[in-house]
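Asks: Sharing a structure here in structure tokens format.
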Amino acid sequence: MTSCVVLAWSLAGWAVPDAGAGEPAERDEPAERDEPAERPEFEELEELPELEELPELPELGGLPERPPVAGAGESPAEADAHDAPDEGLRLGDVMTGSLRLTGAFIHFDDVPELYPSGDDGLLAAVGRVIIDRDWGRTGLEMNYFLDFSRSPVVGTGSGGAFGTAGSTDSVYRSPFLTWTLWEDGSVRSTAGVDRFVFGAKLGPVSLEAGRFPVSYSVGGFFTPNDVLAPFSVTAVNRIYKPGVDALRVGASLGMKGAVELTGVLGSDDEGTPTWGRSALLARASVVGGGFEWAALGGKLAERWMAGASMQGGIGPVGLHGEGHLGIPDEEGDGRDTGEDARPLYVRLTAGPTLNVGWKGLTLGADYAFYSDGVVAADQLIERAGRLYPDDVPLLGRHYVGAVASIELLPILRASTLSMVNAGDGSGLWGLSLAYSLANEADLLGGVFVPWGADPSATGDPMVPFVLGSELGAGALSLYLEARAFF
């Protein structure tokens, strides 16, 4: 946890009281007065030097007129508006933006039934305009994007490593706030709203309404409690978490606790809002013993959940853990019990992080358990058909992940990650280099290398291929990305 100690030292001069000031205190007259002693002669003071004249001060302009004091009929917000200084507001104070350019070469295994196009490439350009205006107790944030992309059909969806704003697809985001400008084969251009949120605060109570990101995860690698438009485990760009259509009310409980209630509107495949795919979550957190402890529960798309999380540190070692129990309920009207009902599941993750301090070296490791995952490779395809509509596509049961990051130069940082499906032995290794071109511009390059048993064709038109392992079916990828902020 972070603690901040502020030290202030002020020194004031002191004055000797004036002997002639005020009324003298009463005292008894002595019975006998002594003759006054002979006063000593004082040396004549030297003549003081003449002081230079002070420079003339510039004339001050008139003070601005103060707006009238709020009357009895004005609200506190209106009163605050009167008190705020009438300063000129520049466009750069409320509007920012970014530009992202990504290119990648993708090598697929030679399985035409699974990858009919063979090796392929990806190109994407995403521009954003962000408006953030604060009026004290209220605020407004807007994030609009324009996305141009050319990508293969396989392996680059919203859950992939190179997902963009235009490819983000979540049941908690109304499709009517994203517009396809054109689409021709694998080339597409889209525009839309990633965030549009109005916020207000009154004392310890806060309110947010609109489209904004929501995350309840504390994990460093696997994030089972990030259930509302989560990132992929291997996502390259995590600067802007996708927003969801939600209403959130929160309140702080002193300095060590908080509660919040979040309702999220979910939609079916046609974009029609439905209760079965909507979410309603409550979270309570408290700080104690150097850790934050939180409880989380409520409804998600097609299921209910009850979970918890913890995060904190002991010396240089950080510790985190999270997880939840899921109860299937496709329509949102009670637990599913039919033959096709998905089973109850448990998903959890935990691990340490270590800040070494030398060259900014940080290390981390995580273990994750998904009880509804599978171990045998021949069950992977069937497992993919049982994913919930807001799931990160992890099909296995036991995973181990590790990350490391180091500052090679003040403007060059290297990061690496490794992930292993402990059930089938497949894995993925990634390396990235981030070079700071300027204060507001970065250049990134990297590679993803999968390993494990390859998929194979079966010759059966009903089941044209089988997966030899989960992560072994991934693609070898080389990428380059440039980011600029303004």
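Asks: Pick out the one residue from GLY318, GLY323, GLY271 that is farther than 23 Å from LEU344 by Cβ and within 20 Å of the chain's Cα centre (by Cα).
Replies: GLY318 is the lone residue from the list that is farther than 23 Å from LEU344 by Cβ and within 20 Å of the chain's Cα centre (by Cα).
Asks: Restricting to the stretch 88-115, and then to whatever is within 30 Å of VAL466 (Cβ to Cβ) and of a type in the set (A, V, I, L, M, F, W, C), can you tell me which residue is surrounded by the fewest Cβ atoms within 10 Å (Cβ to Cβ)?
Replies: Out of the qualifying residues, it is PHE105.
Asks: Looking at the stretch 237-248, is at least one residue exposed (fewer than 14 other Cβ atoms within 10 Å of the Cβ), of a type in the set (S, T, N, Q) and at pLDDT below 95?
Replies: No, because not a single residue in the stretch 237-248 is exposed (fewer than 14 other Cβ atoms within 10 Å of the Cβ), of a type in the set (S, T, N, Q) and at pLDDT below 95.
Asks: Just the residues that are touching a Lys or Arg at 6+ places or on another chain (Cβ under 7 Å) and surrounded by fewer than 19 Cβ atoms within 10 Å (Cβ to Cβ), please, taken from the stretch 262-287.
Replies: Passing the criteria: ASP268, LEU280, VAL286, VAL287.
Asks: Here's another thing I want to ask about it. Residues being within 17 Å of ASN143 (Cβ to Cβ) and out of contact with any Gly (no Cβ under 6 Å at 6 or more places or on another chain): count how many of those fall in the stretch 119-129.
Replies: So the answer is 3.
Asks: LEU207 versus (1) under 30 Å from THR362 (Cβ atoms); (2) surrounded by fewer than 16 Cβ atoms within 10 Å (Cβ to Cβ); (3) in contact with a strand residue (DSSP E or B) (Cβ under 8 Å, 6 or more places away or on another chain): which is the lone unmet condition?
Replies: (1)
Asks: Just checking, does the stretch 372-383 include any residue being closer than 28 Å to TRP304 by Cβ, basic (Lys, Arg) and out of contact with any helix residue (DSSP H, G or I) (no Cβ under 7 Å at 6 or more places or on another chain)?
Replies: Checking the stretch 372-383: at least one residue is closer than 28 Å to TRP304 by Cβ, basic (Lys, Arg) and out of contact with any helix residue (DSSP H, G or I) (no Cβ under 7 Å at 6 or more places or on another chain).
Asks: State whether the residues of the stretch 129-147 include one that is assigned to a loop (DSSP other than H, G, I, E, B), touching a strand residue (DSSP E or B) at 6+ places or on another chain (Cβ under 6 Å), farther than 23 Å from SER98 by Cα and among the charged types (D, E, K, R).
Replies: yes
Asks: Filter the stretch 255-305 for residues that are in a strand (DSSP E or B), β-branched (Val, Ile, Thr) and closer than 20 Å to ASP329 by Cβ and give the result.
Replies: Hits for the stretch 255-305 are THR262, VAL264, THR274.
Asks: Sort out which residues of the stretch 356-378 are at pLDDT 90 or above, of a type outside the set (A, V, I, L, M, F, W, C) and surrounded by fewer than 15 Cβ atoms within 10 Å (Cβ to Cβ), and write them in order of number.
Replies: LYS359, GLY360, SER371
Asks: May I ask you to verify whether PRO152 is over 26 Å from TYR240 (Cβ atoms) and modelled with pLDDT under 90?
Replies: So PRO152 does not fit the description; no.
Asks: Quick one: in the stretch 161-193, of everything that is in a loop (DSSP other than H, G, I, E, B) and among the hydroxyl-bearing types (Ser, Thr, Tyr), which residue is farthest from LYS241 (Cα to Cα)?
Replies: SER186
The values are calculated or read from the model by the stated rules, or taken from the named source; none is laboratory data. Note that the structure is a prediction, hence the values are computed from the model and not measured. Virtual Cβ from ideal backbone geometry, glycine too; neighbours counted across all protein chains shown.
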